[in-house]
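Down below is the structure, laid out as structure tokens.
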Amino acid sequence: PHACGAGHRASHSLPTSAGGSVCVSCAAALLSSASAPSHHVSHVLASLSLALADPAFLAPLRAAHPRLLAVPLVEALAGAAARRDAALATQASDLAADLASAVGPPAASELVARLAHVLSSGSLVKHFHMLHCLGFLLNSIKGASAYIGDAVSLFLNLVNNLRLPSDEIRGEILFMLYKLSLLNATPWDNICDNDNVDLSAVGKSLLQLSLEVLLKTQNDAVRLNCIALLLALAKKEAFDILLLGDLSLIKSVEEEESTQTDDVPPNASIIVLFADAVKGSLLSTNLEVQTGTLDLIFHFLSSDANICVVLQTLVDENVADYVFEVLRLSGNNDPLVISSIQVLSLLATSEEMFKEKLAIGFSTLLPVLHYVTEIPFHPVQSQVLRLVWICIANCSGILSLSQEEQIACTLTLILRRNDSGELGMCSETFALVCSILIEIMRSPSAHDIQKLPSLIEEASKHAISSTLPHAYDSAFLVPHSLRLLKEALIFCLEGNTDKISVKKDLEDSVIEICGTYLLHWLETAVVDGNDDETLGEILQIFHIILSSTCHNKQLKFAEMLASSSWFSLSFGFMGLFPTDHVKSVVYLITSSIVDKILGCKYGETIRDAYVYLPSDPTELVYLLGQCSSEDFNLASCQCAILVILYACSFYNERYDLLHLLHIW
């Protein structure tokens, strides 16, 4: 090596593979000169860019002068910005990125520190390329934020410059703020070192300015940066104080507006701005923007804070309508479906305010319902079903017959596939499926749905057969399947004669299920001691059959129960579940059975005395031995006991004292 013509040391002249050399001191001096012509600076930048790709030049640069070119490059960027020379600034920015990548941490740390220092004060209106360069370095260099001397000043100046009108600059600023948030280089990450920083004021300013950018921009790249920033900071709880409905928490932020009532928080204008800002992004054709916006809304709404005011504002500002539109146009894109349903589910927590919106957008849910039910354990399957249930329960009049039939058909298919093992479902999904079918049967137009009886017949069979035989593993689900069966039976018995006759097959199916699955469960209940809720539901169904179906079916069902050791079982139930409710239902069913098999209103004696009858069978025998000449209640009990014993004799259940004691 030999010294250059400017007299710089020979060690600063680095060789190239072509046989020449480049004096890095000359290059640095030219890049740092504010008076150097632009074409000279451009030539040096181009030469250095080629040299960095040359191992012969790069090796000594990395070993002896790793930091030498960093500061001149930053000054070249600043000079290009002052001259408004976008091409030169782009060239310098690209070289800075190449230098950091080729030389490594020594050059990268110096570049980050110098760029951050320049951007930490003053207007950034001319510094688009410098912002872009620092953003690139923060994104590509591990731990780059550690090289920033005063991260708080940089962050605050970036926030202040969000007021600039240029979409390009605001997009770069938002990206920088986002990267600083990810790198934990925000005022919220170093609270102990930021005693002089009003975090509430910073948060308010950043939220308002970011939302204004999101509201005004039509650039999806800017939207993405803005949404990413807001989501990152929201996870740091930077904005929670601004979105609470608690006046005491907001008072320190907007003291001048603290005279408002607790019901209308001082930050109401920010919540409205938030609602307006997300609408444009929801209508974007960019899926990433739409999904990010929905995730942002979901995060704010799922805060642990009291968000009633936020919910009400978003509903009042028609955000739900925009979410339904996203869902309608989603084409069953899974991320969009998931994010949309999650937001709608949170909005639905304010049922009174939301149900009108849900009624309007309900038709959009039907294809989504079909889509999520086709996928086992889809993450929003139960949430879609809950939205459908809310609408049917609160706005049943808006559904057409075809829509109700379509829903019933879809839900029946779910139960069929679950019963066959083809499609599993979580407990909440099963419960909601049963609840929706029940609501459909209760709707005023249910009797006009031609296929509904056959659908309910199949659905109730699958619901019972998939739960009751496995009651130990499906304890939570059994009551839901039984309620569905009970409502199916009630549905059969309602309406005029013509409509009841159409539902004959459904009625027969319910009775058949009772004679197989339900009666078998009762027989095992005496042994296993299953829960009284299930027993109560089954007994209610039996009581409806014995009291409300046609005479022939009542007689057939009564004989089936009596021949299945009903009288022995009934005392077993009362022994296992010694409650007044179980005792009352058991004796009422027994009275109905006696009416049917003996006739002549024999069961009336049991109905007259059941309140006084004991549940312990040994006490029944004891009562028979008491003198009842002056006690009308005792006489009624004795008459009822004799009727029960008489009925038992027809079915080989003659109750002597030893038999009764054995049951207990």
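Every number in this text was worked out from the coordinates using simple rules, so none of it is lab data. From a predicted model like this one, the values you see are computed outputs, not experimental measurements. Here Cβ is always computed from backbone atoms with ideal geometry, including for glycine, and neighbour counts include all displayed protein chains.
Figures for the structure shown
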read-out	value
Long-range amide H partners of D531 with built H, under 5 Å	none
Given charges at beta-carbon only (K, R positive; D, E negative), |dipole| of the chain in Debye	2460 debye
3J(HN,Hα) from dihedral phi, the range 366-373, Karplus parametrisation 6.51/-1.76/1.60, rounded to Hz, x for glycine, proline	4, x, 5, 4, 4, 5, 6, 7
Burial ranking of peptide ranges 30-39, 635-644 (average Cβ count within 10 Å, highest at the top)	635-644, 30-39
The range 549-663, relative contact order in percent, only Cα pairs under 8 angstrom and at least six apart counted	27 percent
Under 5 Å, built H, 5+ apart or other chain: amide partners of L14	V22, C23, V24
D (Stokes-Einstein, µm²/s), Kirkwood Cα radius, the range 549-663, 1.002 mPa s at 20 °C	151 µm²/s
Fraction of alpha-carbon pairs over 16 Å apart in the range 402-456 - percent	39 percent
Kirkwood-based Rg to Rh ratio, the chain, C-alpha trace	1.24
Reduced Cα scattering model of the range 60-183, Debye log10 I(q)/I(0), q = 0.13 Å⁻¹	-0.45
Ordering of 88-99, 161-172, 52-63 by packing [mean C-beta count within 10 Å, highest first]	88-99, 161-172, 52-63
Relative contact order (percent, whole number), the range 410-568, Cα cutoff 8 Å, 6+ residue spacing	22 percent
Within the chain, helix-based [θ] at 222 nm, where runs of 4 or more DSSP H residues each add -39,500 (n - 2.57), nearest 500	-21500 deg cm²/dmol
Mean Cα-pair separation over length for the chain, i.e. relative contact order, pairs under 8 Å, 6 or more apart, %	5 percent
Pairwise label distance in nanometres, D631 with F476, each label 7 Å out on the Cα-Cβ vector	4.9 nm
Average silhouette area of the range 361-452, convex hull of alpha-carbon atoms, in square nanometres	5.4 nm²
Volume per residue of the C-alpha convex hull in the range 398-520, rounded to whole Å³	92 Å³
Mean Cβ neighbour count within 10 Å, used as a protection proxy, ranking 403-409, 463-469 highest first	463-469, 403-409
